[in-house]
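The values are calculated or read from the model by the stated rules, or taken from the named source; none is laboratory data. Small disclaimer: the values here were computed from a predicted structure and weren't measured. Glycine gets a Cβ as well: all are built from the backbone with ideal geometry, and neighbour counts include every protein chain shown. Protein only, heavy atoms only, side chains kept; ligands, DNA and RNA dropped before computing areas. Shrake-Rupley method; radii C 1.70, N 1.55, O 1.52, S 1.80 Å.
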Amino acid sequence: MLNVLWLQSGGCGGCSMSLLCADTADFPALLQAAGVRLLWHPSLSLESGHELVDLLEACLDGRERLDVLCVEGAVLRGPNGSGRFHVMAGTGVPMKNWIERLAAVATQVVAVGSCAAWGGISAAGANATEACGLQYEDDRAGGLLGAGFRARSGLPVINVAGCPTHPGWVVETLMALADGSLGADDLDTLARPRFYADQLVHHGCTRNEFYEFKASAEKPSDLGCMMEHMGCKGTQAHADCNTRLWNGQGSCTRGGYACISCTEPGFQDPGHPYHQTPKLAGIPIGLPTDMPKAWFVALASLSKSATPKRVKSNATADHVIVAPAVKKTRLK
């Protein structure tokens, strides 16, 4: 069995809430069947107080094998690097110190959520708490453990980024670690598991016909593509949200809200309102991943000139105004 210890640092607990919505009727049985033993989780475990401290000490001195240390939430290093903004109750020891000591003996270290990975929302703005990720501060390697940190397995911190993470990303990461199938080649350049990070939110988006013709939404209730005006970064954000639906049913874009690229470093401080697309000379600054600017401008111009009336009419409506024409599709 894979022994997993889950600690919560500076954050909202949203990734744990997401995990508890995993698409299964029996979450503990799912983990057990996958070969995962949850040593402790703040929302799922009965142990508290001295019982938890005894467990942590057992992990540190080798009496309890620590296969995976999962950390949710950013590490609060303040004030002045002391870590006293977040002290583990009953111990008098800053959480950052516990994380450093446990990471040194763990076979794998997993950052659950964008706060633990990059600092996330907890590090937004002036960052008075000196919040950071385990091995990154935004897109800069470093964080609490340092750019050169490697767990006992030889892997860096595995960043299961998202705000919150999809429960499937967490469960599948733990499953892959349990059966030994997650190695260095299975992580992208930001150490995110490639099974979800090699996808884009744009893939599978139900608004893709509108995107193809650059038929854009102009207000939140519109059906059209939200990239041009509404701030959507689905063509840049690495995640499989529109093919691996949340709770088997939805995603941000399917719910009518633009993708804010919550799996990416720095998403918490985009430099503009989330619901607006910044532009230069009328051209969105954030172009689709791998798309040269000149090609995008040329393609957008051609697409707009070829937009069918049906697509143009429906793009700025909150329901289908013009249905697709009925045509014979048989070859003769």
Report task. Answer yes if at least one residue in the stretch 297-312 is closer than 30 Å to residue 23 by Cβ, at pLDDT below 95 and not in a helix (DSSP H, G or I), and no otherwise. Result -> no
Requested in this report: Being among the hydrophobic types (A, V, I, L, M, F, W, C) and open to solvent by 10 Å² or more (accessible area, probe 1.4 Å) is the filter here, so list the residues in the stretch 96-133 that pass it.
Outcome: 104, 105, 115, 121, 123, 124, 126, 128
**Report entry** Pairs, first touching a residue at least 12 places away in the same chain (Cβ under 8 Å) in the stretch 124-146, second among the hydroxyl-bearing types (Ser, Thr, Tyr) and buried (at least 24 other Cβ atoms within 10 Å of the Cβ), C-beta under 6 Å, six or more apart
**Finding:** 131/122; 143/136
**Report entry** Check on residue 142, farther than 25 Å from residue 14 by Cα, open to solvent by less than 50 Å² (accessible area, probe 1.4 Å) and at pLDDT 95 or above
**Finding:** no
**Report entry** Unmet criterion (only one of (1) over 18 Å from residue 107 (Cβ atoms); (2) within 27 Å of the chain's Cα centre (by Cα)) for residue 36
**Finding:** (1)
Report summary line: Among residues of the stretch 173-206 being over 26 Å from residue 224 (Cα atoms), free of Cβ contacts under 8 Å to residues at least 40 places away in the same chain and not in a helix (DSSP H, G or I), the residue least open to solvent (accessible area, probe 1.4 Å) is 193
Report summary line: Of the candidates 300, 294, the one satisfying the condition of being open to solvent by less than 40 Å² (accessible area, probe 1.4 Å), out of contact with any Ser or Thr (no Cβ under 8 Å at 6 or more places or on another chain), among the small types (Gly, Ala, Ser) and farther than 18 Å from residue 201 by Cα is 300
**Report entry** Any hit, the stretch 323-332, residues being of a type in the set (Gly, Ala, Ser), within 18 Å of residue 217 (Cα to Cα), assigned to a helix (DSSP H, G or I) and more than 33 Å from the chain's Cα centre (by Cα)
**Finding:** no
Requested in this report: Filter the stretch 61-93 for residues that are part of a strand (DSSP E or B) and touching a Lys or Arg at 6+ places or on another chain (Cβ under 6 Å) and give the result.
Outcome: 75
**Report entry** Flag if residue 29 is modelled with pLDDT under 95 and loosely packed, with under 14 Cβ neighbours inside 10 Å
**Finding:** yes
Requested in this report: Please indicate, with yes or no, whether at least one residue in the stretch 214-225 is within 30 Å of residue 23 (Cα to Cα), in contact with a strand residue (DSSP E or B) (Cβ under 9 Å, 6 or more places away or on another chain) and among the hydrophobic types (A, V, I, L, M, F, W, C).
Outcome: yes
Query raised in the report: Do we have any residue at all in the stretch 183-194 that's of a type outside the set (Phe, Trp, Tyr), modelled with pLDDT of 95 or more and in contact with an Asp or Glu (Cβ under 6 Å, 6 or more places away or on another chain)?
Result: yes
Query raised in the report: In the stretch 1-26, how many residues are crowded, with 17+ Cβ neighbours inside 10 Å, modelled with pLDDT under 95, assigned to a loop (DSSP other than H, G, I, E, B) and among the polar types (S, T, N, Q)?
Result: 0
